[in-house]
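The values are calculated or read from the model by the stated rules, or taken from the named source; none is laboratory data. It should be emphasised that the depicted structure is a prediction, and the values quoted were computed from it without experimental measurement. We place every Cβ from the backbone using ideal geometry, glycine too, and count neighbours over all the protein chains shown.
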Amino acid sequence: MELKDYYRSFGIDDDIYEYGKKIEDKLNERFREIEGISEINQMKVITAFKENKVSVDCFNTATGYGYDDHGRDILEKVYSDIFHTEDALVRPFIACGTHALNIALSGNLRPGDEILAPAGGPYDTLEEVIGIRPSKGSLAEYHITYSQVDLLEDYSFDYDKIKKSINNKTKLVMIQRSKGYASRPSFTIARIEELIKFIKNIKNDLIVMVDNCYGEFVELKEPSDVGADLVVGSLIKNPGGGISPLGGYICGKKKYVENAAYRLFAPGLGKEVGASLEVLRPFYQGLFLAPSVAASALKGAIFAAHCFEGMGYECIPKAGDYRTDIIQAITLKSEVCLKAFCKGIQGSSPVDGFVTPEPWDMPGYDSKVIMAAGAFIQGSSIELSADGPLREPYNVYFQGGLTYPHAKLGILKAMQEIKATMNNTL
Ligand SMILES: *Cc1c(COP(=O)(O)O)cnc(C)c1O
């Protein structure tokens with residue numbers, strides 16, 4: 001069978017296949033740039049492995065309390081080297097990105113302290129952590145307050161308001177690199193650097209925490225290279241390379257990482273405990289693959305943006321924009337298109353490729369969400385996936401793809417499903 005026949009067997013019409021091919025032919029140069037960044041990040045990772053003498057011994061684990069879990073301690077050194085931080089906490093006990101952010105926040109804040117979000121609201125699930133939406137055990141219940149400065153209309157930082165919002169209670173500044181379910185652009189490392197400089201100039205001892213979800217290995221630098229005191233993310237996103245079965249990381253200044261570890265485990269115990277059991281090899285292997293996997297996902301995102309912009313849909317970021325994360329939002333404008341897009345992604349998946357996704361009330365989100373994910377690891381969004389809340393303007397958030405050919409197939413299939421709902425006219 002020829003390539004086109006395989007696409008046909010997936011129900012993809014020749015005109016969609018040809019449309020995709022034409023777009024792909026124009027992306028050679030862009031893809032080479034991405035590979036260039038990925039190559040440098042790959043070097044950064046291998047160097048850290050080598051300098052920390054990673055060996056097969058590191059894949060063995062302690063049991064019980066997990067004292068002297070050698071492989072775990074070396075892995076945390078490897079993360080510290082890659083992120084250029086004093087310390088790191090990389091554990092399977094961190095259930096997801098929200099959990100990692102929660103322990104970084106609650107470990108470092110005390111009653112009477114205030115959090116400042118200087119660049120708009122946080123990711124949906126953080127609203128309950130902070131208590132923006134009331135929730136049991138939120139930081140608000142512990143008398144930790146929250147203040148937010150929104151972006152200006154042109155998405156620039158509102159420096160005047162930020163300055164006015166920093167007071168003697170302000171303890172921690174929270175910046176989210178990726179846009180999450182918002183319609184703003186994600187913040188590049190250069191913009192994060194500018195914001196951190198401004199804030200530290202006003203109050204130098206603030207803890208700056210960056211939610212780095214989906215950003216790892218997309219640029220040459222990470223937020224910790226430009227002044228962030230804590231960077232936090234999920235191992236079922238970029239740094240897990242599609243191999244980590246769970247987990248999260250917190251990299252940063254030693255005392256802040258320690259505070260987070262005291263919260264994750266118990267005061268006094270901290271990083272000393274926690275046997276890693278069977279996850280060390282996949283943590284290492286996933287991190288090794290991560291720069292290359294992030295590049296595949298990025299190529300998929302760029303391909304998707306070019307395809308959908310060409311059909312008249314608004315894309316955030318725009319097809320030609322510089323990228324700092326792997327997320328591609330596409331404004332689909334209607335519920336039927338959103339469902340069709342997700343159906344296409346699901347239908348091209350290696351796992352559960354035969355099912356149709358339906359919207360549901362996901363814990364932590366305030367409107368129904370539809371998710372397409374035929375993933376090896378549940379909820380793993382470094383694998384090809386698409387999701388979106390069922391609310392105006394019906395944005396789909398498309399991300400991941402462990403391999404570029406899979407991402408491409410998913411996008412063509414999504415276009416095909418949209419074409420089918422629109423009575424065969426695109
Ligand atoms: C994914 C994500 C999180 C955390 O999500 P989990 O589903 O808890 O892993 C937090 N912030 C951003 C920007 C994210 O993309």
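Here are a few things to note about the model shown:
- Of all residue pairs spaced 6 or more apart or on separate chains, those with beta-carbon atoms under 6 Å, a first member in the stretch 296-322 that is free of Cβ contacts under 8 Å to residues at least 40 places away in the same chain and a second member that is buried (at least 19 other Cβ atoms within 10 Å of the Cβ) and among the aromatic types (Phe, Trp, Tyr) are 315/308.
- Residue match in the stretch 39-46 (condition: of a type in the set (S, T, N, Q) and more than 24 Å from residue 289 (Cα to Cα)): no
- Any hit, the stretch 318-333, residues being assigned to a strand (DSSP E or B), within 16 Å of the ligand (Cβ to nearest atom) and surrounded by 23 or more Cβ atoms within 10 Å (Cβ to Cβ): yes
- Scanning the stretch 1-43 for residues that are touching a residue at least 40 places away in the same chain (Cβ under 8 Å) and closer than 14 Å to residue 81 by Cα, we see that the one that is surrounded by the fewest Cβ atoms within 10 Å (Cβ to Cβ) is 42.
- Residue within the stretch 233-241 that is touching a residue at least 60 places away in the same chain (Cβ under 8 Å), away from the ligand (no atom under 13 Å from the Cβ), buried (at least 18 other Cβ atoms within 10 Å of the Cβ) and assigned to a loop (DSSP other than H, G, I, E, B) present: yes
- If you go through the stretch 179-207 and keep only what is within 16 Å of the ligand (Cβ to nearest atom) and without any contact (Cβ under 8 Å) to a residue 40 or more places away in the chain, you end up with 191, 192.
- Of all the listed residues (367, 381), the sole one being surrounded by 24 or more Cβ atoms within 10 Å (Cβ to Cβ), at negative phi and not in a helix (DSSP H, G or I) is 381.
- One residue stands out among those in the stretch 154-178 that are closer than 26 Å to residue 219 by Cα and in a loop (DSSP other than H, G, I, E, B): the one that is nearest to the ligand (Cβ to nearest atom), which is 178.
- Looking across the stretch 71-114, just one residue is farther than 29 Å from residue 167 by Cα, in a loop (DSSP other than H, G, I, E, B) and away from the ligand (no atom under 16 Å from the Cβ), and that is 84.
- Flag for residue 374 being small (Gly, Ala, Ser), modelled with pLDDT of 95 or more and either surrounded by fewer than 24 Cβ atoms within 10 Å (Cβ to Cβ) or more than 15 Å from the ligand (Cβ to nearest atom) (or both): no
- Of all residue pairs spaced 6 or more apart or on separate chains, those with beta-carbon atoms under 8 Å, a first member in the stretch 89-108 that is among the basic types (Lys, Arg) and a second member that is modelled with pLDDT under 95 and away from the ligand (no atom under 11 Å from the Cβ) are 91/276.
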